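The structure appears right after this line, and notes come after that.
Bear in mind these aren't lab numbers, they're just calculated from the coordinates by the rules spelled out. Fair warning: this is a prediction, and the values are worked out from it, not measured in the lab. Neighbour counts are summed over all protein chains in view; Cβ atoms, including those assigned to glycine, are modelled from backbone coordinates with ideal geometry.
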Amino acid sequence: MNTVDKLYKRIKSNTDSLLGYPLAKDFSYQQFAPFLDLCINNIGDPESTSTLAIDTKEMERECIAFFADLLSTNMDDVWGYITNGGTEGNLYGLYLARENFPNGVVYYSESTHYSVKKNLHLLNINNIVIRSQENGEMDYEDLEQTLMLRRDKPAIFFLNIGSTMKEAIDDLDKIKAIIRKFAIKDYYIHCDAAFLGSVAPFVTPKPKFDFSEGVDSISISGHKFIGGPMPSGIVMAKRNHRNRVANSVSYVGTFDTTITGSRNGLTPLFMWSFIQKFGKEGLNRRVQESIALADYVKDKLNELGLNAWRNGKALTVVFDKPSDAICTKHQLASEDDIAHVICVPGIKKAHVDLLFEDLAKEQKALEKELVLA
Ligand SMILES: *Cc1c(COP(=O)(O)O)cnc(C)c1O
């Protein structure tokens, strides 16, 4: 087998066995193969065409309009673009927050994605880490005590709408109550909905995190619940925030409103075709199927005595970390003494059953050892 065939085989087989990361697998974009022979570039602002006219911005705008609707708003009030992933969307939200409040302080919990610390460092914004509760949600008492001492500074809240390890959702109502309690006038709310941005709108009760709740910006990953052959994301923000940072650039004939100059033109095409194919109804179906699979996984793990639990109707099932061999084989992310399975479209019962078989085998071996000892 040649090198490239070997590489393909490795990635394909590792994709099939992957259970611990939030990456949907049920996609195919073969129909767009002819585009692989073209250079596509969505340089600059998605709403203004560039002199460089080899773009998919029309599709990009349709994707953004779809997400605006999903997040309870419309294109008059918000603006957005397709990013290279959730990290870029979070960087963008924090950038807008800083341009709004240069002397603001960012509050975010211990459960926050590792990339956020780096984003804050890049932007050089003051920031304070708030303790997390056992379930991964922000500790609101710690937030309250921390804020009490800094009521004079604008507050920038960086909230997890599905934390990476435990899929915890920070409670917007509780944050708002604290804002009212301390009469904080200058504040900005960014929601990191990397995984749940396209899931939460279809869960009942619906977690509060969208523009109808008055949040300022939201970041979502495109390659997680929606899925796709390369990383992507969506960032959306109130239009006035975007206007504050818009500079016109004559060299490319568009506004330099995005983090990178040249931007991926394939991912908007893929996302657009996903939306054509699934729409809101199809997304809802995928969410309900994933929730049902998570129910099954949790029950099975508990039958094996592994203390499985999840936050509400989360697609992430947390349980006692098994051996390194099992974590490696099934690509289970782990932290301290816990691991998780994330139930995304494309994972079938047969896949998780293989994990349960391995876990059961390992337990039998352990019991045998105990008996012998
Ligand atoms: C995955 C994730 C990110 C980072 O998103 P990328 O798309 O990998 O850049 C940020 N926040 C949370 C909560 C995530 O789960």
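Given their separation in residues at 0.36 nm each and the Cα-Cα distance between them, Val371 and Arg151 gain 73.1 nm when the chain is fully extended.
Using the Kirkwood radius over Cα pairs, work out the Stokes-Einstein diffusion coefficient for the stretch 128-277 at 10 °C and 1.306 mPa s, in µm²/s as a whole number. Diffusion coefficient, whole number: 91 µm²/s.
By the rule of a C-alpha distance below 12 Å, with chain neighbours fewer than 8 residues away ignored, the aspartates and glutamates paired with Lys329 are Asp16, Asp358.
A Förster distance of 22 Å, applied to the separation of the beta-carbon atoms of Asp358 and Met230, puts the FRET efficiency at 0.15.
What's the FRET efficiency of Val4 with Asn103 using the Cβ-Cβ distance as r and R₀ = 56 Å, to the nearest 0.05?
Values: r = 53 Å, r/R0 = 0.94.
Efficiency at R0 = 56 Å is approximately 0.60.
Each part reduced to its alpha carbon centroid, the stretch 347-370 and the stretch 212-263 end up 44 Å apart.
Centroid-to-centroid, using Cα positions, the stretch 1-44 and the stretch 278-309 are 25 Å apart.
Sorted on the mean count of surrounding Cβ atoms within 10 Å across their residues, most packed first, peptides 167-176, 89-98, 258-267 read 89-98, 167-176, 258-267.
Volume per residue for the chain equals 163 cubic angstrom (convex hull of Cα atoms).
Which percent, to the nearest 5, of DSSP beta bridges fully inside the stretch 30-276 are antiparallel? Write out the running numbers ahead of the final one.
Values: 16 of 33 bridges.
Percent antiparallel among DSSP bridges in the stretch 30-276 is about 50.
Note on Asp256 and Arg244: the model spin-label points, each 7 Å out from Cα along the C-beta direction, lie 2.0 nm apart.
Would you calculate a helix-derived [θ] at 222 nm for the chain, using -39,500 (n - 2.57) for each DSSP H run of n ≥ 4 and dividing by the full residue count, to the nearest 500? Can you show the working numbers first?
On the way: 10 runs with 147 residues, N = 373.
The helix contribution divided over the chain gives -13000 deg cm²/dmol.
Counting lysine pairs in the stretch 1-121 that sit 8 or more residues apart in sequence, or on different chains, and whose Cα atoms lie under 28 Å apart gives 4.
Measuring how big the stretch 203-353 is from its alpha-carbon positions, Rg and Dmax come out at 19.7, 64 Å. Sorted fewest first by neighbouring Cβ atoms within 10 angstrom, Met138, Met75 come out as Met75, Met138.
Along the axis of the charge dipole computed for the chain (Cβ charges of +1 for Lys and Arg, -1 for Asp and Glu, origin at the Cα centre), the listed residues Ala177, Thr87, Ala325 are led at the positive end by Thr87.
Quick one: work out Rg over Rh on the C-alpha atoms of the stretch 89-185, Rh as Kirkwood radius.
Numbers: Rg = 12.6 Å, Rh = 13.5 Å.
That ratio is 0.94, to two decimals.
Relative contact order for the chain: what percent, with Cα pairs under 8 Å and sequence separation of 6 or more? So the answer I get is 24 percent.
Label separation (Asp16 vs Leu38): 3.4 nm, computed from points 7 Å beyond Cα along the C-beta direction.
Can you compute the charge dipole magnitude of the stretch 259-336 about its Cα centre, using +1 on each Lys and Arg Cβ and -1 on each Asp and Glu Cβ, nothing else charged? Give it in debye, rounded to the nearest 20.
Working: 11 positive and 9 negative charges, 93 e Å.
Magnitude of the dipole: close to 440 debye.
Spin-label model, Trp309 to Glu144: label points 7 Å out along the Cα-to-beta-carbon direction sit 2.2 nm apart. Each of Cys39, Cys327, Cys63 has some number of other Cβ atoms within 10 Å of its Cβ, and from fewest to most they run Cys39, Cys327, Cys63.
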